[in-house]
1. Assuming B:N116 fulfils every condition listed in (1) more than 15 Å from the chain's Cα centre (by Cα); (2) closer than 30 Å to B:E11 by Cα; (3) without any contact (Cβ under 8 Å) to a residue 24 or more places away in the chain apart from one, which condition is it?
2. Within region A:109-128, count every residue that is free of Cβ contacts under 8 Å to residues at least 40 places away in the same chain and within 13 Å of chain B (Cβ to nearest Cβ).
3. Only one of these conditions is not met by A:E51: (1) surrounded by 22 or more Cβ atoms within 10 Å (Cβ to Cβ); (2) within 14 Å of another protein chain (Cβ to nearest Cβ). Which number is it?
4. Could you tell me which of the residues B:E143, B:E60, B:E139 is within 14 Å of chain A (Cβ to nearest Cβ), charged (D, E, K, R) and surrounded by 14 or more Cβ atoms within 10 Å (Cβ to Cβ)?
5. Anything in region A:266-311 that is within 16 Å of A:T138 (Cβ to Cβ) and modelled with pLDDT under 95? List them, or say none.
6. Output the residues belonging to region A:129-143 that are of a type outside the set (A, V, I, L, M) and either under 13 Å from A:A28 (Cα atoms) or away from chain B (no Cβ under 13 Å) (or both).
7. Return yes when A:E238 is surrounded by fewer than 19 Cβ atoms within 10 Å (Cβ to Cβ) and under 26 Å from A:I10 (Cα atoms) and no when it is not.
8. I'd like to verify a number: residues in region A:113-149 that are within 11 Å of A:T168 (Cβ to Cβ) and among the acidic types (D, E), how many?
Amino acid sequence: MNNPLYQKNIISIADLSRTDLELILQTAHSLKQTPQPELLKNKVVASCFFEASTRTRLSFETAVQRLGGSVIGFDSGGNTSLAQKGETLADSVKVIASYADAFFMRHPQEGAARLASEFTSIPVINGGDGSNQHPTQTLLDLFTIYETQARLDNLNIAFVGDLKYGRTVHSLAQALSLFNCNFYFISPEALAMPDYILEELKERNINFSLHSSIEDVVDDLDILYMTRVQKERFDETEYQHMKSAFLLNADMLDNVRDNLKVLHPLPRIDEINIDVDETPYAYYFQQAQNGVFARQALLALLLTNHFQANA
Amino acid sequence: MQKKLQVEAIEQGSVIDHIPAQQGVKILKFFKFTQTKEKITIGLNLATHNGESKDLIKIENTFFNDQQANQLALFAPNATINQIKDFKVVNKFQVQLPSSFIGVLACPNSNCISHNEPVQTRFYVHQKNTLKLKCHYCEKSFERGTFDELD
């Protein structure tokens, strides 16, 4: 059976159907259970970071190498012809893509991955384009939720912290809206979920509610997705006053559901106290590791038409 | 009461009517009618039946194709175009809002990749009542009023 993602681009989470998402998650699960060290043998993948991102780059390049492929590329835009000689991104992509079988990129400008996909016929994977999309982060988040809860439907999921500027929570909420979850948005008023996301959720008849502290809802949750409230967005007094409502410590987890998992896209600063790390609910480091499997799944599906995930 | 023609009739060409006041000059500029040698008659702030004002453009020997007509929706979503031959209206149609606009607007997001690269901008109609357009590249949506037209 042909897989529907073969030779496709992964630019925006909104481009993926529920069936596509399920196929990626099943494939990630299969690759985690049964490594395929030769699947991408003789394949060359370009890993082009026009903007530095250590975690995403290492995770992606590990994914390529664990599947037996080779990586070419660069880890920041400063050393490229694009930066030094004023080459357009379109020209850079045409040249680099002619050397490789797939093109993974991060770029500081919104729309860069979509544009790149129009200048090459090999699959382009968006590793983050400015403040717009970061679909592989969303896929690893979905995979982690699926792995820990054995389903994606009908979960109670809270998002905490900077919900206004965080593209991670926007994309994840949009993707999970295909699965009829209940959302709890916990943030300072100044960093609330944008109206356009709330409107989209309403259009899809998704239940959501807004809250001002974690303890309001924590006992009813399956997933607690933490993000960092950036200190620089507030004056010092305001920050000290409100930050306690959006910090998690182990005492707050005394009466939670057994299946609760705490996730975070990392890096964390102080929004998750280190005493949470020792609880059975902490799953953010496994989540980061799952980035490798989610990215392996994409590579397997985009570059091989015959790969079958184990059920 | 003596009835007067507000704008002189034309023999052959197009009449764009029901343009909101203040938009007529923008339309002239957008379609580069300011550079044509054809005879153009424009009416600005003309009275309408309901007491509001409108602009109107008559241009000789010029006809709009569907794509051009639909681009008018950016300025005048309720405009009508009358095709004139021998001083008679031979065809009259209303502007239709297209599903996308290609190569006519600049993205209001200054960090959008479309500003620096050899591509045409493309915007999808995201919301019709208060016109909102979504950028094909940066995926951000903006109200019509925030856009500048490309030269």
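1. The single condition B:N116 does not satisfy is (2).
2. 7
3. (1)
4. Values: B:E143 fails: surrounded by 14 or more Cβ atoms within 10 Å (Cβ to Cβ); B:E60 fails: within 14 Å of chain A (Cβ to nearest Cβ).
After applying the criteria, what remains is B:E139.
5. Selection gives A:L266 alone.
6. Keep residues of region A:129-143 that are of a type outside the set (A, V, I, L, M), which gives A:129-138, A:141, A:143.
Of everything in region A:129-143, those that are of a type outside the set (A, V, I, L, M) and either under 13 Å from A:A28 (Cα atoms) or away from chain B (no Cβ under 13 Å) (or both) turn out to be A:T136, A:Q137, A:T138, A:D141, A:F143.
7. Values: surrounded by fewer than 19 Cβ atoms within 10 Å (Cβ to Cβ): yes; under 26 Å from A:I10 (Cα atoms): no.
Against the criterion (surrounded by fewer than 19 Cβ atoms within 10 Å (Cβ to Cβ) and under 26 Å from A:I10 (Cα atoms)), A:E238 does not qualify.
8. 1
The values are calculated or read from the model by the stated rules, or taken from the named source; none is laboratory data. Since this is a predicted model, take the numbers as computed values, not measurements. Ideal geometry is used to build each Cβ from the backbone, glycine not excepted, and the neighbour counts take in all protein chains shown.
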